[in-house]
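The values are calculated or read from the model by the stated rules, or taken from the named source; none is laboratory data. Computed from a prediction, not measured in an experiment: that's the story for all the values here. For neighbour counting, all protein chains shown are included, and Cβ atoms are generated from backbone atoms with ideal geometry for every residue, glycine included. In case anyone asks, the SASA skips ligands and DNA or RNA and just uses the protein heavy atoms, side chains included. Shrake-Rupley method; radii C 1.70, N 1.55, O 1.52, S 1.80 Å.
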Amino acid sequence: MPNRFYVTTPIYYVNDVPHIGHAYTTIAADVLARFYRLRGDDVFFLTGLDEHGQKVQQAAAKAEIDPQAHCDRLMPTFKDLWTKLDISYDGFIRTTDPQHQAVVQRCLQTLHDKGLIYQAEYTGWYCTFDERFWTEKDVEQGLCPDCQRPVEQVSERNYFFRMSQFQDRLKKHIHVHPEFIQPDSRRNEVLGFLQKPLEDLSISRPKSRLSWGIELPFDKDCVTYVWFDALVNYFSGLDYLGTHANAPAFWPASVHLVGKDILTTHAVYWSTMLMGMERPLPQSIFAHGWWTVDGEKMSKSRGNVVDPFAMIKEFGTDAFRYFLLRQVPFGQDGDFSLSSFHSRYQAELANDLGNLVSRTLAMLGNFSQHMVPRSDPQTETDLDHSLQQTASALSEKIEQHLRALEFHRALEAILGLVQMANQYIDKTAPWILAKDPEKKSRLQTVLFHLVESLRFLTLALAPFMPHTAETMKTRLGLTVDISTPTLGKGPIWGEYDYIHPVTKGTSLFPKKDLPSTSAHQPASSPTASPTTEKKIDKATPQSPSASTDSDTPLIGIDEFQKVQLKVAKILEAERVPKSSKLLKLQVDIGTEKRQIVAGIGKKYAPEELIGKTIVVVANLKPAKLMGIESQGMVLAAGEKEVLSLLTVQEEVQTGSKVK
Ligand code: MSP
């Protein structure tokens with residue numbers, strides 16, 4: 001009997017188009033859903049839209065259309081985004097679905113029949129934006145303590161759910177089940193909130209004030225409070241959505257993913273509602289952090305709301321999925337900027353992962369007629385074994401991290417193998433082995449190790465970057481179906497029979513310039529300015545006083561950027577006959593081997609240079625020095641004499657850009 005895994009996202013208000021915050025939770029849920037499916041678990045992944053309430057009614061009024069028409073108009077934009085982001089949901093719920101409305105009414109009736117709902121006159125401070133009442137002690141200077149917008153005093157007859165009855169039981173549950181609210185800091189926040197006496201929850205609104213909602217089954221003049229309606233989606237959705245034969249059996253949810261701002265509604269309202277209905281509580285509620293943009297709060301009025309569609313268009317779906325989960329630990333706040341996105345894209349996706357795939361497949365083409373050779377155990381070394389071990393440990397590491405919702409750590413582990421495999425190429429230098437017929441079986445062992453590492457990476461990447469994983473699978477000629485349970489306890493090194501040729505294909509992550517246009521949704525305020533551009537300007541030296549030697553003309557960053565500087569490794573070195581100064585070097589610049597003639601022969605003997613990591617100008621026009629072609633230039637310090645070759649302080653991958 002497979003394990004059941006049920007993951008949910010919040011259902012999003014349809015008062016506006018989706019932004020990065022919506023994409024964030026939904027991508028995280030998708031990674032979990034895909035991961036557990038690959039493990040062979042029975043998975044249900046629910047997302048959807050919160051279509052009732054004052055916010056939606058107001059947005060519809062602003063657009064001068066009926067609320068239902070407004071929801072129908074916005075719904076496809078959300079679905080379109082999920083398609084573009086490869087979101088594999090099993091159910092997409094809309095709270096205007098008649099089946100959902102019926103379940104909400106059933107829940108209300110159950111609580112009413114049990115005497116857990118009563119009617120009372122209520123006067124309080126109401127925040128329209130947050131759609132909730134505050135008490136006198138919460139409100140300072142007439143402002144909502146949550147969103148700082150003005151509150152209004154409202155007096156009305158409402159229905160209340162006896163939430164206060166469940167306070168002690170909830171506290172106890174949280175203490176006994178530490179995994180119930182995560183991360184720990186958020187659990188403490190909720191416990192702090194529960195220190196104060198819990199009040200009963202107003203669960204209705206008079207139709208005279210708000211008509212857009214689900215009618216109470218026991219009072220035709222009232223509609224249901226939008227949060228009561230929305231929270232019920234987590235089990236109403238199981239009733240009628242998706243293709244699972246026994247979907248209701250998925251309750252209780254394995255994890256509700258929510259943003260930190262809606263933790264109280266989930267941890268307190270929802271849990272006590274479930275207690276009232278005598279239903280089990282979800283196994284866990286995980287509150288993730290919020291994204292700021294260029295260090296500022298993201299908001300429409302600031303004009304800095306990140307548009308997921310624009311990001312996908314510029315960098316591709318997988319890069320966007322990768323960045324959001326890699327950049328910050330899931331429970332913490334993080335900052336989004338185009339420049340940090342771009343740096344990670346260039347370094348980790350284009351240089352590390354993309355390069356590894358293209359180098360390996362190119363070498364298979366050049367040295368093995370596109371076929372994957374077998375490893376010869378006689379020629380295996382410690383280097384091979386440690387690559388093997390790292391690859392074999394990967395799936396367990398990912399599982400550990402994903403169980404703790406440490407997406408960034410799982411991706412870090414994947415990147416670790418990518419970097420290790422790149423270093424393995426540098427250290428084993430297959431192009432040198434290829435020159436020596438006696439090293440043929442060593443070369444085969446090396447190529448096999450690289451392809452096996454890529455196979456492990458393909459499977460590891462599948463939940464995070466499904467499209468990239470599919471492409472890698474096709475290029476490696478793998479016949480496994482990576483969308484069905486394949487991971488089990490993880491792949492086993494050497495167990496796969498490679499029978500199909502590999503194909504090189506184009507770059508998985510082509511290098512990009514930092515986009516000058518912003519990825520922000522249109523600003524509602526004309527004063528908003530794209531802050532990313534400001535950041536780039538700051539890094540650009542402009543003042544003449546920042547110049548170096550007074551007689552050296554200043555160049556702009558544009559001119560400097562035309563020079564392509566790269567980290568390279570010296571593979572071979574020999575003296576140029578009849579020259580005391582010139583050495584002929586063969587260097588690896590990551591993507592290819594180059595011959596460079598350098599005037600460093602007085603300072604260095606050829607043999608001491610082999611294996612050194614240096615910096616070269618990679619896009620210099622080829623020139624002949626003493627009749628020998630030089631395809632680049634090495635960088636060295638010194639006025640007339642060379643004193644020192646330029647190198648890099650930390651170990652970085654060959655071919656890395658120097659900027
Ligand atoms: N409709 C309610 C949820 C009901 S769930 C039963 C709602 N909707 S929302 O559209 O306003 O917000 C949805 C989610 O977006 C929340 O989890 C919220 O935390 C998240 N985010 C909104 N802005 C965000 C960021 N700047 N960063 C990360 N997530 C953010 O609340």
- Query: Over the chain, what relative contact order in percent results from Cα pairs under 8 Å that are six or more residues apart?
  - Reply: 12
- Task: With label points built 7 Å along Cα→Cβ from the Cα atoms of residue 579 and residue 207, find their separation and express it in nm.
- Result: 9.2
- Please compute the Cα-Cα pair-distance distribution of the stretch 4-288 with 10 Å bins starting at 0, giving whole percents from short to long. 6, 28, 38, 23, 4, 0
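Quick check: from the Cα gyration tensor, does the stretch 1-113 come out rounded (a/c under 1.5), prolate or oblate?
On the way: a/c = 2.81, a/b = 1.32, b/c = 2.12.
Oblate shape, in that a/c is at least 1.5 and b/c is the bigger or equal ratio.
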- Message: Under the rule of at least 5 residues apart or a separate chain, name every residue whose amide H is placed under 5 Å from the amide H of residue 290.
- Response: 333, 334
- Which entries of 581/621; 566/621; 62/300 show an alpha-carbon separation above 18 angstrom in the structure shown? 581/621
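Give the relative contact order (percent, whole number) for the stretch 338-527; include only Cα pairs under 8 Å separated by 6+ residues.
Details: 198 pairs, mean separation 67.7, N = 190.
Result for the stretch 338-527 is 36 percent.
Which three numbers, in whole Å and largest first, are the semi-axes of the equivalent ellipsoid of the stretch 189-260 derived from its Cα gyration tensor as √(5λ)? Working shown, then result.
On the way: eigenvalues 136, 105, 20 Å².
Listed largest to smallest, the semi-axes of the stretch 189-260 are 26, 23, 10 Å.
Tell me, what is the Rg over Rh of the stretch 338-527, with Rh the Kirkwood radius over Cα pairs? Provide the component values of the computation, followed by the final result.
Details: Rg = 18.3 Å, Rh = 17.8 Å.
Computed over Cα atoms, the ratio is 1.03.
Once you order the gyration tensor axes a ≥ b ≥ c over the Cα atoms, which shape class does the stretch 99-213 get: rounded for a/c under 1.5, otherwise prolate or oblate by comparing a/b with b/c?
Values: a/c = 1.83, a/b = 1.14, b/c = 1.61.
Cα axes put the stretch 99-213 in the oblate bin.
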- Expressed per residue, the solvent accessible area of the chain in Å² (1.4 Å probe) is about 45
- Take the solvent-accessible surface of the protein heavy atoms, probe 1.4 Å, and return the percent of it on the stretch 369-476 that carbon and sulfur atoms account for. 50
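R0 = 56 Å: FRET efficiency of residue 440 with residue 221, Cβ-based, nearest 0.05? If you can, show how the numbers build up before the last one.
Values: r = 86 Å, r/R0 = 1.54.
Approximately 0.05, to the nearest 0.05.
Express the relative contact order of the stretch 4-288 as a whole percentage, based on alpha carbon pairs under 8 Å and six or more residues apart in sequence. Kindly include the intermediate steps, with their values, before the conclusion.
Details: 471 pairs, mean separation 63.4, N = 285.
Rounded, it is 22 percent for the stretch 4-288.
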- Take the eigenvalues of the Cα gyration tensor for the chain, scale each by 5, and report the square roots as semi-axes in whole Å, largest first. 57, 30, 19
